């Protein structure tokens, strides 16, 4: 399967609400691919580990398959595997609007 941009993938897999939120997350340094901070245009392939640092949580997923388009929440589990999830108590609600 052809690699896909991280901002498109996060939206397609319902890991963020909008592509612009994924873009903001990348720009804020909150999204990494295989341990390296990702730009919104960074390409993701099966086997890559994507870490998403939401304002109040961190989720790391392994990409299993690249979807051809938008995926419903009920069908998304075949495209990624959650490696780690953790809550973060920051004491404030500021972040990148997720």
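Only the coordinates and a few stated rules stand behind these numbers; no lab work does. This is a predicted model, so every value here is computed, not measured. Cβ placement follows ideal geometry from the backbone for every residue including glycine, while neighbour counts extend to all protein chains displayed.
Of note:
- Estimated inter-spin distance, residue 28 and residue 73, nm [label 7 Å along Cα→Cβ]: 2.1
- Distant alpha-carbon pairs in the chain (separation over 24 angstrom), percent: 13
- Sorted peptide list for 8-14, 55-61, 18-24, criterion being average Cβ within 10 angstrom, highest first: 8-14, 18-24, 55-61
- Distance (nanometres) between label positions extended 7 Å along Cα→Cβ at residue 18 and residue 87: 2.8
- Listed peptides 25-33, 41-49 by packing density, highest first (mean Cβ within 10 Å): 25-33, 41-49
- Exposure proxy for 75, 7: other Cβ atoms within 10 Å of each Cβ, ordered fewest to most, give 75, 7.
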